[in-house]
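The values are calculated or read from the model by the stated rules, or taken from the named source; none is laboratory data. Just so it is clear, the model here is predicted, and its values are computed rather than measured. Neighbour counts are summed over all protein chains in view; Cβ atoms, including those assigned to glycine, are modelled from backbone coordinates with ideal geometry. Please note that ligands, DNA and RNA were not included when accessible areas were found on the heavy atoms of the full protein model with its side chains. Shrake-Rupley method; radii C 1.70, N 1.55, O 1.52, S 1.80 Å.
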Amino acid sequence: MSNGATSSADESAWPLTPAERVWSPVRLAVTLATAAAATWCYLIGEAVGGYLGFVEGAIALSAGCMIGMLLVLLAAGPASVRFGIDSIAGTKPQFGARGWVVPAALQAVSIIGWNSLLIIFFAKSSIQLAVAVGIAPVGVAGAGFVPALTLFACLLIFCVLRRGATGVSAVSNILVAHVFVGFWMLYLLVSHRWPELVAAQPLAASPDRLWNYTTGIELGIVTTLSWWPYIGAMIRMAPNGRSVVLPVLLGMGAPVPLLSLIGLAGVLVLKSSDPAQWLRTVGGPTYGIVSLCFVTAANFGTAIAGIYASAIGLRNFRTLERRSWTTLLTITILPVAVVGAFIPELFFAKFGSFLALIGVAFAPLCGIQIADYYALRRRRLDVRAIFDDAPGSPYYFWHGVNPAAIVALIIGCGVYVALLNPLTYVSEGPYRFLTASLPATAAAAAVYLVCSWFVIRSGRGGYRRA
Amino acid sequence: MVEPSSNSGIAEARAVELEARLAAVEVGSVDADFDSVSWVWMILLGVVLPVVLILGGWFFGRSP
């Protein structure tokens with residue numbers, strides 16, 4: 001893309017025309033599955049394995065993932081499938097012509113944070129792989145190879161994403177193989193250790209069975225809610241809603257719980273969620289190498305999709321709208337490269353907590369979008385207003401910000417944290433019956449509806465008055 | 001001092017491109033989010049399946 005008027009459509013945040021939205025359901029499903037499957041899958045499985053046994057954990061996690069995926073699809077889906085825009089542009093009707101920077105900031109911090117972690121994981125597993133196949137000496141991890149490999153990964157991602165969404169899809173077509181390797185790993189563990197697996201008891205389970213079960217569901221919901229920042233940039237490449245629903249629910253919603261079972265099974269039977277470690281135990285060094293290939297490929301595919309989505313989100317900023325795609329990619333990748341090069345271990349140790357707190361915001365965000373689109377706007381959006389940030393435009397509200405969305409977001413986050421501390425998992429009130437994400441979604445939606453009554457009465461927001 | 005007019009030309013050309021895109025997506029976008037088949041799948045996979053799983057897991061999923 002150049003600075004000129006003509007640009008590759010999938011490198012801009014502008015609407016994609018019907019002629020440009022050519023991804024088939026299979027192509028979208030492959031891309032989403034590759035993006036969804038990463039190291040976090042066995043970290044999620046490990047978390048669930050602290051509270052639930054294998055069968056209960058698998059069921060609770062699967063149910064939660066499908067609920068969360070539906071919420072994300074209902075919230076971010078309509079604007080993306082109708083107008084070919086990304087998740088961030090789709091928040092302008094709710095947050096306003098300037099207020100969209102709030103979800104944009106959440107997206108940027110969440111994606112850049114997660115991708116920094118994934119690329120550090122990528123570097124670490126590459127080193128383990130090199131040691132396992134004998135091309136690097138034992139102890140190489142301490143010799144500054146993590147920063148070097150992180151920078152190498154950033155360079156590779158940069159090269160792939162020079163081709164925009166086409167690059168994401170092309171790499172996904174190759175890396176999707178790791179999803180099947182993951183299923184094979186799961187089959188190995190289940191088939192070799194089934195009696196132990198069903199008998200294994202979780203180590204950190206509460207005496208309250210309902211609390212444990214609800215926490216398994218909650219972990220599934222909050223996991224797939226965190227796909228909100230990614231999804232718009234992908235589904236806008238598909239031509240319509242029908243070609244999006246199954247790829248999202250089955251391509252993105254289903255692989256996460258299935259691959260999380262690798263971590264769940266590992267932590268229950270072998271007390272380790274790291275597949276490289278337990279596959280060596282089950283099948284010897286060759287299986288360990290296969291598993292390291294899986295981990296390396298998985299994180300690389302997800303990081304590519306994440307950085308692409310983040311770059312498209314940043315494109316909504318007026319100052320970045322006219323920058324070349326190369327410049328935008330550099331701006332998006334640079335924080336990841338800096339973290340990986342200079343503070344990988346510190347980031348690895350501390351940033352997970354911050355990401356957990358950021359993740360709390362996606363449930364209320366979905367509630368706000370669902371309430372606005374289905375209840376208030378009755379499925380009508382003005383695409384011109386989305387790209388008009390002049391004072392007086394329909395989505396300008398007050399100074400470009402809709403206070404109803406900001407208040408609803410804050411209260412929704414407050415409800416979540418009041419019900420469940422995302423860092424310690426100490427819960428309060430009716431959490432054990434309701435989860436934390438669902439009440440936070442409902443509370444944000446309710447507050448948004450009430451506050452919007454004043455917005456609509458003032459004649460702002462482009463709402464149709466009854 | 002050529003740059004201002006050059007920038008203004010680029011801005012104008014971009015406005016034309018954006019306008020063309022908006023015009024293209026406005027056609028046929030009314031009520032074009034999810035059709036009835038999509039809703040059936042969403043209800044089945046996002047509501048019915050989780051409810052069945054949750055109830056099944058609660059009553060039959062417990063480890064011995």
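For every residue, the table says whether it meets (1) at pLDDT 95 or above; (2) of a type in the set (D, E); (3) open to solvent by 10 Å² or more (accessible area, probe 1.4 Å).
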residue: A:A390; (1), (2), (3): no, no, yes
residue: A:G400; (1), (2), (3): yes, no, no
residue: A:L409; (1), (2), (3): yes, no, yes
residue: A:V415; (1), (2), (3): yes, no, yes
residue: A:A418; (1), (2), (3): yes, no, yes
residue: A:N421; (1), (2), (3): no, no, yes
residue: A:V426; (1), (2), (3): no, no, yes
residue: A:A443; (1), (2), (3): yes, no, yes
residue: A:L449; (1), (2), (3): yes, no, yes
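Taking helices (runs of 4 or more DSSP H) that fall entirely within the stretch A:1-100, which contain at least 3 residues that are modelled with pLDDT under 90 and open to solvent by less than 10 Å² (accessible area, probe 1.4 Å)? Before you say what the answer is, go through the steps one by one.
Details: elements: A:25-36, A:39-49, A:54-83, A:92-95.
Correct list: A:25-36, A:39-49.
Which members of the stretch B:50-62 meet the condition of being surrounded by fewer than 18 Cβ atoms within 10 Å (Cβ to Cβ) and at the interface with chain A (Cβ under 7 Å from one of its Cβ atoms)? Once the filter is applied, which keeps residues that are surrounded by fewer than 18 Cβ atoms within 10 Å (Cβ to Cβ) and at the interface with chain A (Cβ under 7 Å from one of its Cβ atoms), the stretch B:50-62 yields B:G56, B:W58, B:R62. Those helices (runs of 4 or more DSSP H) of the stretch A:366-450 in which 1 or more residues are more than 30 Å from A:G84 (Cα to Cα) occupy A:403-419, A:431-434.
The set of residues in the stretch A:451-466 being out of contact with any helix residue (DSSP H, G or I) (no Cβ under 8 Å at 6 or more places or on another chain) and open to solvent by 60 Å² or more (accessible area, probe 1.4 Å) consists of A:W453, A:R457, A:R460, A:R464, A:A466. When the residues of the stretch A:133-148 are narrowed to those that are open to solvent by less than 40 Å² (accessible area, probe 1.4 Å) and in a helix (DSSP H, G or I), which ends up modelled with the lowest pLDDT? Here the residue is A:V140. For the stretch A:350-365, the count of residues that are over 21 Å from the mean Cα position of the chain (by Cα) and open to solvent by 20 Å² or more (accessible area, probe 1.4 Å) is zero. A:A170 falls short on exactly one of the conditions (1) surrounded by fewer than 22 Cβ atoms within 10 Å (Cβ to Cβ); (2) in contact with a Pro (Cβ under 7 Å, 6 or more places away or on another chain); (3) aliphatic (A, V, I, L, M); (4) modelled with pLDDT under 90, and that condition is (2). Here A:W40 passes the criteria (1) touching a residue at least 40 places away in the same chain (Cβ under 8 Å); (2) over 14 Å from the mean Cα position of the chain (by Cα) except the one numbered (2). Taking the criterion of being surrounded by fewer than 16 Cβ atoms within 10 Å (Cβ to Cβ) and more than 23 Å from the chain's Cα centre (by Cα), the residues of the stretch A:323-332 that qualify are A:S324, A:T326, A:T327. Here the condition is being open to solvent by 70 Å² or more (accessible area, probe 1.4 Å) and either within 13 Å of another protein chain (Cβ to nearest Cβ) or of a type in the set (S, T, N, Q) (or both); of A:L434, A:L381, it holds for A:L434 alone. Only one of the numbered conditions (1) free of Cβ contacts under 8 Å to residues at least 12 places away in the same chain; (2) out of contact with any helix residue (DSSP H, G or I) (no Cβ under 8 Å at 6 or more places or on another chain) is not met by A:R98, and that is (1). You will find that of A:G232, A:G216, A:G241, the residue that is in contact (Cβ under 8 Å) with a residue 60 or more places away in the chain, facing chain B (nearest Cβ under 9 Å), closer than 25 Å to B:V37 by Cβ and open to solvent by less than 10 Å² (accessible area, probe 1.4 Å) is A:G241 and no other. For A:P335, the stated conditions do not hold, so it cannot be described as open to solvent by less than 10 Å² (accessible area, probe 1.4 Å), out of contact with any His (no Cβ under 8 Å at 6 or more places or on another chain) and of a type outside the set (D, E, K, R).
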